[in-house]
Structure formats: structure tokens, C-alpha cells
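The values are calculated or read from the model by the stated rules, or taken from the named source; none is laboratory data. All values reported here derive from a predicted model rather than from experimental measurement. Note that we place each Cβ from the backbone using ideal geometry, even for glycine, and neighbour counts take in every protein chain shown. The accessibility values were calculated without ligands, DNA or RNA, using every heavy atom of the protein model including side chains. Shrake-Rupley method; radii C 1.70, N 1.55, O 1.52, S 1.80 Å.
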Amino acid sequence: MKKINLKGITAEAVTGVLVLLVALINAVLQMVGYNTLPIADDNISNIVSIIFLIVTTLYNTYKNRNISTASQVAQNITDAIKNGELLIEDVNTLLEKCKESK
């Protein structure tokens, strides 16, 4: 099981995941009959809940939240390559050395 690195998680990532969690809870409550939105028409309330869930899911997927230590390290490597601080060839050489040492 991958470990979550709480030290490397940004406030934006926490907020995004919490908003997604609220959207999921809202959707489940709507499915079991609890109207969580103060809208009189059930169809409109359901549509708003579904749109909220879809938008938050798509946004969090787009942002690609880096929660595990491995994903945070990979993001740092990607950022270093984009900034010109690290060459792709260097990363490939390092990966080959790691494969050989196994």
C-alpha cells in the first residue's frame, strides 16, 4: 500500500479533496432521499447535485493531486525537467542504473 506523505500535501490539494468529498456525500444523500440543497423542486436539486459532483471530480482529476510520496517526488522531477534544471537523459540514465542494480 502506498503511503500518504502529509508533509508534502498543499492546502490546495486538501481543499480540492474536501470539496470532492462534500460533493460525494451530497450525491449519496440525494440518492437516498435527503434533499441537502434548499431547492423545492427535486429534479432541479438532483441536477445541481450531479453537476456539482461532476465539476469537482473533473477539476480534481485535472489537477492530479500528488498525495503519495512517490507522486510528490515524480512531480518535483517533472518540474525540474520543465525548468531546465534536469535533463531527461539524466533521468533515463538514473533509471537504467536502478534497473541494473536489481
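The table that follows gives values for the structure above.
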quantity: Boolean, residue 24 is at pLDDT 80 or above, open to solvent by less than 90 Å² (accessible area, probe 1.4 Å) and over 13 Å from the mean Cα position of the chain (by Cα); calculated: yes
quantity: Qualifying residue in the stretch 55-71 (condition: in contact (Cβ under 8 Å) with a residue 12 or more places away in the chain, assigned to a helix (DSSP H, G or I), in contact with a strand residue (DSSP E or B) (Cβ under 9 Å, 6 or more places away or on another chain) and within 24 Å of residue 6 (Cα to Cα)); calculated: yes
quantity: Residue that is farthest from residue 20 (Cα to Cα) [pool: residues in the stretch 42-80 that are open to solvent by 70 Å² or more (accessible area, probe 1.4 Å) and of a type outside the set (A, V, I, L, M, F, W, C)]; calculated: 76
quantity: Members of the stretch 57-102 found to be of a type outside the set (Gly, Ala, Ser) and at positive phi, listed by number; calculated: 64
quantity: Residue within the stretch 78-90 that is closer than 26 Å to residue 10 by Cα, among the hydrophobic types (A, V, I, L, M, F, W, C) and touching a Lys or Arg at 6+ places or on another chain (Cβ under 8 Å) present; calculated: no
quantity: Identity of the residue in the stretch 27-41, at pLDDT below 80, aliphatic (A, V, I, L, M) and open to solvent by less than 100 Å² (accessible area, probe 1.4 Å), that ends up nearest to residue 69 (Cα to Cα); calculated: 37
